[in-house]
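The values are calculated or read from the model by the stated rules, or taken from the named source; none is laboratory data. A quick note: this is a predicted structure, and the numbers were derived from the prediction, not measured. Cβ placement follows ideal geometry from the backbone for every residue including glycine, while neighbour counts extend to all protein chains displayed. These area figures cover heavy atoms from the full protein model, side chains too; ligands, DNA and RNA do not enter into them. Shrake-Rupley method; radii C 1.70, N 1.55, O 1.52, S 1.80 Å.
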Amino acid sequence: MATFSSYIIKSFKHDGHLHRTWQENGMVPESLLHESHKAESMMVLINSQTKIIEADGKEWVSRIPGISFFIPKQWFNVVALLEDSGVRYYCNVASPPYVNGNVITYIDYDLDVIRMPGGTVHIVDQEEYERHKICYHYSSIVDGKVKQGLQDLLLRIQQGQAPFHDEWVHEYYRQWQKWKGEGAEA
């Protein structure tokens, strides 16, 4: 059986300070990746009941299983949250992922897109982005990359492209539960 390797996910702000850390995430092995995810070299990670550490040191444990999708060279990442009402996609407009050993890092640029289980889409934290653009002195290059990342993300959602497929999200979670020995019916 394929092994889910353990990874830490760290998000930073533009000035280099740590924003948030997800301590325990299982990387879906390539042999279990959907073909469209393999084609884009996506990194797919799963967590449930993982410790999350905030920048101020506050710690808490996630209550909702999350499947994170990182796509090389893309200025966004996607977290599919398995809620009772369905899959909610929380998308961070962010720098492309950087991997060093078992740690994945990225810079969070505040803008978020939420795709609700019913399909409605909300862009949030635009004011925070504008504040931080001034505060952290985003260059015109970074500002352009962020805005292009937002447009690329919205187009992907509109066209129903990967990773916005609930059935794949559920299948990854089933495979992970099976691997952990938690899902007898998986």
Inset, instruction - Starting from residues that are in contact (Cβ under 8 Å) with a residue 40 or more places away in the chain and open to solvent by 50 Å² or more (accessible area, probe 1.4 Å), keep the ones in the stretch 138-160 and report whichever is nearest to the chain's Cα centre (by Cα). - result: D152
Inset, instruction - Determine whether the stretch 74-91 contains at least one residue that is in contact with a Pro (Cβ under 9 Å, 6 or more places away or on another chain), open to solvent by 40 Å² or more (accessible area, probe 1.4 Å) and within 17 Å of M43 (Cβ to Cβ). - result: yes
Legend entry - Test for V28: is it open to solvent by less than 60 Å² (accessible area, probe 1.4 Å), within 19 Å of V169 (Cβ to Cβ) and either in contact with a His (Cβ under 7 Å, 6 or more places away or on another chain) or free of Cβ contacts under 8 Å to residues at least 12 places away in the same chain (or both): no
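Take the residues of the stretch 31-52 that are farther than 17 Å from A80 by Cβ and not in a loop (DSSP other than H, G, I, E, B): which is least open to solvent (accessible area, probe 1.4 Å)? Step through it out loud before you land on a result.
Our first condition is that a residue be farther than 17 Å from A80 by Cβ; within the stretch 31-52, this holds for 31, 35, 38-39, 41, 51.
When the remaining residues are screened for being not in a loop (DSSP other than H, G, I, E, B), the result is 31, 35, 38-39, 51.
Values: S31: 87, E35: 122, K38: 66, A39: 86, K51: 88 Å².
That would be K38.
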Inset, instruction - Looking at (1) outside any loop (DSSP other than H, G, I, E, B); (2) open to solvent by 40 Å² or more (accessible area, probe 1.4 Å); (3) not charged (D, E, K, R), find the lone condition where T105 falls short. - result: (2)
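Mind telling me which of the residues V103, V113, V124 ends up being of a type outside the set (S, T, N, Q), in contact with a His (Cβ under 8 Å, 6 or more places away or on another chain) and at pLDDT 95 or above? I'd like the intermediate steps shown before the answer.
On the way: V103 fails: in contact with a His (Cβ under 8 Å, 6 or more places away or on another chain); V124 fails: in contact with a His (Cβ under 8 Å, 6 or more places away or on another chain).
Residue meeting the stated conditions: V113.
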Legend entry - Residues within the stretch 135-186 that are at pLDDT below 95 and either part of a loop (DSSP other than H, G, I, E, B) or farther than 23 Å from L81 by Cβ (or both), tallied: 6
Legend entry - Residue within the stretch 53-67 that is without any contact (Cβ under 8 Å) to a residue 60 or more places away in the chain, open to solvent by less than 30 Å² (accessible area, probe 1.4 Å) and of a type in the set (A, V, I, L, M, F, W, C) present: no
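Confirm whether A94 is modelled with pLDDT under 95, open to solvent by less than 30 Å² (accessible area, probe 1.4 Å) and not polar (S, T, N, Q).
On the way: modelled with pLDDT under 95: no; open to solvent by less than 30 Å² (accessible area, probe 1.4 Å): yes; not polar (S, T, N, Q): yes.
Taking the combined requirement at face value, the residue does not satisfy it.
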Legend entry - Checking V93 against (1) in contact with a strand residue (DSSP E or B) (Cβ under 6 Å, 6 or more places away or on another chain); (2) in a loop (DSSP other than H, G, I, E, B), the condition it does not meet: (2)
